[in-house]
1. Does D111 satisfy the condition of being free of Cβ contacts under 8 Å to residues at least 60 places away in the same chain, within 19 Å of the chain's Cα centre (by Cα) and loosely packed, with under 12 Cβ neighbours inside 10 Å?
2. Which condition number does G61 fail, the rest of (1) modelled with pLDDT of 95 or more; (2) under 17 Å from the mean Cα position of the chain (by Cα) being met?
3. Do we find a residue being in a loop (DSSP other than H, G, I, E, B), under 25 Å from N68 (Cβ atoms) and at pLDDT 95 or above anywhere in region 122-145?
4. Among the residues of region 35-57, is there at least one that is at pLDDT 80 or above and of a type in the set (A, V, I, L, M)?
5. Restricting attention to region 148-159, does a residue exist that is exposed (fewer than 12 other Cβ atoms within 10 Å of the Cβ) and modelled with pLDDT under 95?
6. Only one of E90, E94 is part of a strand (DSSP E or B), within 11 Å of E157 (Cβ to Cβ) and in the same structural domain as E157 (by TED's automatic domain parsing). Can you tell me which?
Amino acid sequence: MNTKQSKPWYKKWWVWLIIVIVLIGAGGAAGNKDNTATNNGSSTNSESTKKAEEKTEFKVGETASFDNKSITVTNVQRNYDTGNQFAQPESGKEFVIVTVNIVNNSDKTLDYNTFEFKMQDSNGVQQNEAFTALAEGKLNSGSLAKGGKVTGKLAYEVPKGDAGLKLLYQNFSFFDNKVITFNLQ
């Protein structure tokens with residue numbers, strides 16, 4: 001007959017191994033929490049930096065810096081006259097010319113495209129550029145080398161006198177659907 005008695009569960013070696021592993025894991029998590037609390041000043045700085053990076057609305061003259069690029073709306077011209085009798089806005093509308101500056105702040109080539117910009121009126125209607133309105137200084141699509149800069153104009157046909165115009169920028173990326181807004185009033 002086998003008279004061997006089994007040890008109680010708390011006297012088995014593998015139970016104590018599990019307890020030690022759990023305590024080490026809990027101690028590491030508590031250490032990280034304490035470290036965050038003692039570095040409160042640096043985490044506040046990173047939070048304020050993150051908030052600055054998260055800003056998505058800008059005024060004319062303010063620079064939006066994100067994704068290793070900077071975009072600035074430098075000028076807005078209302079009631080633009082094309083000087084061409086065949087390129088006139090529809091009745092009740094006007095041409096608005098927006099001058100933008102794009103800077104590549106990255107270490108690699110940056111593509112830019114006029115289709116990344118849209119004009120939104122006060123009714124929420126978003127539209128692409130009016131190609132017939134502008135002959136000179138137009139922003140074309142292209143690439144910028146490291147540190148490269150380009151300035152160009154975008155033309156839009158909008159309701160005459162609309163005070164709620166916004167230029168919207170959205171990069172052609174499947175991973176980032178962030179929209180940058182420039183209030184043009």
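1. Values: free of Cβ contacts under 8 Å to residues at least 60 places away in the same chain: yes; within 19 Å of the chain's Cα centre (by Cα): yes; loosely packed, with under 12 Cβ neighbours inside 10 Å: no.
No.
2. Among (1) modelled with pLDDT of 95 or more; (2) under 17 Å from the mean Cα position of the chain (by Cα), the lone unmet condition for G61 is (2).
3. Taking every residue of region 122-145 in turn, at least one turns out to be in a loop (DSSP other than H, G, I, E, B), under 25 Å from N68 (Cβ atoms) and at pLDDT 95 or above.
4. Going residue by residue through region 35-57, those that are at pLDDT 80 or above are 55-57.
Next, from what is left, pick out any that are of a type in the set (A, V, I, L, M): none.
Checking region 35-57: not a single residue is at pLDDT 80 or above and of a type in the set (A, V, I, L, M).
5. Residues of region 148-159 exposed (fewer than 12 other Cβ atoms within 10 Å of the Cβ): 149.
Now narrow it down to the ones that are modelled with pLDDT under 95: none.
Within region 148-159, not a single residue is exposed (fewer than 12 other Cβ atoms within 10 Å of the Cβ) and modelled with pLDDT under 95.
6. Values: E90 fails: part of a strand (DSSP E or B).
Exactly one residue qualifies, and that residue is E94.
The values are calculated or read from the model by the stated rules, or taken from the named source; none is laboratory data. Bear in mind that the values here come from a model prediction, so they are computed numbers and not experimental data. Glycine gets a Cβ as well: all are built from the backbone with ideal geometry, and neighbour counts include every protein chain shown.
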